[in-house]
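The structure appears right after this line, and notes come after that.
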Amino acid sequence: MLWLTSTRHSCFEGNSLSTMPTALLPTPIAVLSGFLLRSLVIICGLAATALPASALVEIDINQGNVEPLPMAVTDFVSEDDLGPKISGVIADDLRRSGLFAPIQKAAFIQKISNPDLAPRFEDWRVINAQALVVGRVSKEADGRLRAEFRLWDTFAGEQLIGQQFFTQPENWRRVAHIIADAIYEELTGERGYFDTRVVFVSETGPRNERQKQLAIMDQDGANLRFLTQGNDLVLTPRFSPSRQEVTYMSFADGEPRVYLLQLETGQREIVGNFPGMTFSPRFSPDGQKVIMSLQQGGNANIYTMDLRTRATTRLTDTAAIDTSPSYSPDGNRIVFESDRGGRQQLYVMNADGSNQQRISFGDGSYSTPVWSPRGDLIAFTKQSGGKFSIGVMRPDGSGERILTTGFHNEGPTWSPNGRVIMFFRQPAGASGPQLYSIDLTGYNEQRVETPNYGSDPAWSPLLK
Amino acid sequence: MNLMMSIARSPAVLALVAVLALAGCSSKRTLPNSPGELGLGGSGAVPGSQQDLTLNVGDRIFFDTDSAAIRPDSATTLDRQAQWLKKYPDKSVTIEGHADERGTREYNLALGARRAAATRSYLISKGISSNRIKTISYGKERPVAVCDDISCWSQNRRAVTVVSGVGS
């Protein structure tokens, strides 16, 4: 059983991955810890001892309240504490997904001291660990970090995955998330979402004197970095799907406008030259346009601006408030909210503004629609009976489901695999909003820890 | 949570919070910009100053939930504002539109703008030149009263007229 007899015969470098097809491919992110990272991670396949043709471990995550899969994530073997730190991040990612239940290490019978050897499957079956993760972390002669792991199906006695990664030591958390994604994908059949980031608004100060800053962090709350100083009111940041860039709204210089911010350079610019307030920006799926609302008198209409040609196009023209536009992932349609019928409701139109159709018809009002990256659902905020809920419906308005209801829940954003929704919750009382995530099934609601109050989260896409 | 909510709903605490909020607001509003406004004091407002407008005319009007309609009591205030603006023809103003916190962020930005626009239109209809009146919306981002019932929400659904200096 040799680690390095690669079944895939190739190693992939992080900055030349654009042609690689699998979800495992790491995406170079330049903002980690403020460093411009090149060749972030190299992945190599590891020998599988047997083909997982009849793997027993499998989760159907479309079934709603699934019982989390009991599994064991062992401390990765290493000469320092980095091994256990990496395996700890992996276990935390898997646990927070709600689909896996990493077993307490105190229950382990076998101590893994050589991850190159097949484990004693019986020792893991007896504690009901249906999957087992083992690994090793070491330093290469050139200073790079080498992280290896294997995922075992303990009941079938088969290796499901074996991979190794090479990267700079400061990227250790990123490697852990990539490994967690690989495990998630193998066991669920869906793409992972752990190697992602969240941009949001960090809030401090009393409710009537709130100071707001743009901030970015890993999806688990680590590596938090502030992107603005807090001098200007900033709202609704959104990730570019194709560049290290966010669009957001700022009241800088007393003129509320939509901005672009380059994450690598900190350079910012106003989007377009509009005569009034622009707000509620979002990128098109190809990253080439920003779609937003322009306020003109008492009305707001939806415009796009092409970021290359700077051409602006008006898509709606009503004596109403049309806002919160969000493209379908194929770019062909746009969902938005409008009060043209009296209260805020959701509408879908073609990308050129034609064929505007109302899709929400339930009690109350509907706002902040966001199209799922899978295309199958639209998430929204619903106000009804004095409560604020987060829900989903199909793009034709059918199949409405409320995921969470309370005093004030607002502003959903999708994980890039379309399985998890993040939003913010403002409790009654003097405190401020906090970020939460919830599974598409409505289960597994989790607080997303931030050092200050948090609002307006936007999940990063999986970069191509 | 329950404890916090019960504290927040106690009338005494609410009143205190509201007073603090208004105090914070007014000090912020009257201090900046013009040296002529520094002569603070209840009755001695400098004619034509923000303080003069706030104390002797009324600088703000309020709106019903999810509405930008000018109420009769608001029309009375705006009539006085129009007279004041005619008396001080070198002053221009910015109408700041606001919404309460019981709405979503993007819509409330537009709703605040709609309220500011309705206020501006009313003043124009009373003979004030349009180039003397700018508008801005803060949506639900700048509440003056912070509690979780209608006593605060109704104070936050407002349009505030802010003297911005010499008209363009």
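The values are calculated or read from the model by the stated rules, or taken from the named source; none is laboratory data. Quick caveat, the model's predicted, so the values are computed rather than measured. Here Cβ is always computed from backbone atoms with ideal geometry, including for glycine, and neighbour counts include all displayed protein chains. The accessibility values were calculated without ligands, DNA or RNA, using every heavy atom of the protein model including side chains. Shrake-Rupley method; radii C 1.70, N 1.55, O 1.52, S 1.80 Å.
Residue check: is B:VAL13 within 14 Å of chain A (Cβ to nearest Cβ), open to solvent by 70 Å² or more (accessible area, probe 1.4 Å) and modelled with pLDDT under 95?
Criteria not met by B:VAL13.
Rundown of residues vs (1) open to solvent by less than 10 Å² (accessible area, probe 1.4 Å); (2) within 14 Å of chain B (Cβ to nearest Cβ), yes/no style:
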| site | (1), (2) |
| --- | --- |
| A:ALA106 | no, no |
| A:SER113 | no, no |
| A:TRP124 | yes, no |
| A:ARG136 | no, no |
| A:ASP153 | yes, no |
| A:GLY157 | no, no |
| A:LEU187 | yes, no |
| A:ARG207 | no, yes |
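Being surrounded by 14 or more Cβ atoms within 10 Å (Cβ to Cβ), assigned to a strand (DSSP E or B) and among the small types (Gly, Ala, Ser): is that true of A:SER280 here?
Details: surrounded by 14 or more Cβ atoms within 10 Å (Cβ to Cβ): yes; assigned to a strand (DSSP E or B): yes; among the small types (Gly, Ala, Ser): yes.
It is true that A:SER280 is surrounded by 14 or more Cβ atoms within 10 Å (Cβ to Cβ), assigned to a strand (DSSP E or B) and among the small types (Gly, Ala, Ser).
Going residue by residue through region A:256-266, is there one that turns out to be surrounded by fewer than 17 Cβ atoms within 10 Å (Cβ to Cβ) and either modelled with pLDDT of 95 or more or outside any loop (DSSP other than H, G, I, E, B) (or both)? Break it down into steps so the answer makes sense when it comes.
Going residue by residue through region A:256-266, those that are surrounded by fewer than 17 Cβ atoms within 10 Å (Cβ to Cβ) are A:262, A:264-266.
Within this subset, residues satisfying the condition of being either modelled with pLDDT of 95 or more or outside any loop (DSSP other than H, G, I, E, B) (or both) are A:262.
Scanning region A:256-266 turns up at least one residue that is surrounded by fewer than 17 Cβ atoms within 10 Å (Cβ to Cβ) and either modelled with pLDDT of 95 or more or outside any loop (DSSP other than H, G, I, E, B) (or both).
If you go through region B:95-149 one residue at a time, how many are open to solvent by 10 Å² or more (accessible area, probe 1.4 Å) and hydroxyl-bearing (Ser, Thr, Tyr)?
The number of residues fulfilling the criteria is 7.
If a residue counts only when it is of a type in the set (S, T, N, Q) and farther than 20 Å from A:THR323 by Cβ, which strands (runs of 3 or more DSSP E) contained entirely in region B:74-168 have at least 2 such residues? Break it down into steps so the answer makes sense when it comes.
On the way: elements: B:91-97, B:133-137, B:158-166.
Of the strands (runs of 3 or more DSSP E) lying wholly inside region B:74-168, those with at least 2 residues that are of a type in the set (S, T, N, Q) and farther than 20 Å from A:THR323 by Cβ span B:91-97, B:158-166.
Taking the residues in region B:110-151 that are polar (S, T, N, Q) and free of Cβ contacts under 8 Å to residues at least 40 places away in the same chain as candidates, determine which candidate is farthest from the other protein chains (Cβ to nearest Cβ).
Initial filter on region B:110-151 (polar (S, T, N, Q)): B:119, B:121, B:125, B:129-131, B:135, B:137, B:151.
Filter again for free of Cβ contacts under 8 Å to residues at least 40 places away in the same chain, leaving B:121, B:125, B:129-131.
Working: B:SER121: 8, B:SER125: 14, B:SER129: 17, B:SER130: 11, B:ASN131: 14 Å.
The selected residue is B:SER129.
Which pairs have Cβ atoms under 8 Å, sit 6 or more apart or on different chains, and link a residue in region A:336-353 that is over 18 Å from A:PHE279 (Cβ atoms) and without any contact (Cβ under 8 Å) to a residue 12 or more places away in the chain to one that is aliphatic (A, V, I, L, M) and open to solvent by less than 50 Å² (accessible area, probe 1.4 Å)?
As it stands, the answer is none, since no pair meets every condition given.
Within 12 Å of chain B (Cβ to nearest Cβ), out of contact with any helix residue (DSSP H, G or I) (no Cβ under 6 Å at 6 or more places or on another chain) and at negative phi: is that true of A:SER326 in this structure?
Answer is yes for this residue.
If A:SER324 meets every condition in (1) within 29 Å of A:LEU462 (Cα to Cα); (2) more than 22 Å from the chain's Cα centre (by Cα); (3) among the hydroxyl-bearing types (Ser, Thr, Tyr) apart from one, which number is that one?
Failed condition: (2).
Look through B:ALA116, B:ALA69 and report the one residue that is under 30 Å from A:PHE407 (Cβ atoms), in contact with a Ser or Thr (Cβ under 7 Å, 6 or more places away or on another chain) and either modelled with pLDDT of 95 or more or of a type in the set (Ser, Thr, Tyr) (or both).
Exactly one residue qualifies, and that residue is B:ALA116.
Which of the strands (runs of 3 or more DSSP E) contained wholly in region A:410-464 include at least 3 residues that are over 20 Å from A:MET249 (Cβ atoms)?
Fully inside region A:410-464 and qualifying: A:420-425, A:434-439, A:446-448.
How about region A:278-319: which of its residues are at the interface with chain B (Cβ under 9 Å from one of its Cβ atoms), more than 26 Å from the chain's Cα centre (by Cα) and of a type outside the set (S, T, N, Q)?
Within region A:278-319, A:GLY297, A:GLY298, A:ALA300 meet the criteria.
For A:ARG95, are the conditions met, namely being among the charged types (D, E, K, R), part of a helix (DSSP H, G or I), open to solvent by 30 Å² or more (accessible area, probe 1.4 Å) and modelled with pLDDT of 95 or more?
Details: among the charged types (D, E, K, R): yes; part of a helix (DSSP H, G or I): yes; open to solvent by 30 Å² or more (accessible area, probe 1.4 Å): yes; modelled with pLDDT of 95 or more: yes.
So A:ARG95 fits the description; yes.
Just for region A:138-151: of the residues that are touching a residue at least 24 places away in the same chain (Cβ under 8 Å) and among the basic types (Lys, Arg), which one is most open to solvent (accessible area, probe 1.4 Å)? If you could, list the steps in order and put the result at the bottom.
From region A:138-151, those touching a residue at least 24 places away in the same chain (Cβ under 8 Å) are A:138-140, A:143-145, A:147-151; that's our starting set.
Imposing the further condition that a residue be among the basic types (Lys, Arg) reduces the set to A:139, A:144, A:150.
Details: A:LYS139: 117, A:ARG144: 61, A:ARG150: 1 Å².
Among those that are touching a residue at least 24 places away in the same chain (Cβ under 8 Å) and among the basic types (Lys, Arg), it is A:LYS139.
Show the residue pairs meeting these rules: Cβ distance below 7 Å; 6+ apart or different chains; first residue within region B:95-109 and more than 8 Å from every other protein chain (Cβ to nearest Cβ) and at pLDDT 95 or above; second residue buried (at least 24 other Cβ atoms within 10 Å of the Cβ) and in a loop (DSSP other than H, G, I, E, B).
Final answer for the pair search is B:HIS98/B:ARG157; B:ALA99/B:GLY139; B:ALA99/B:ARG157; B:ASP100/B:ARG157; B:ASN108/B:ALA99; B:ASN108/B:GLY139.
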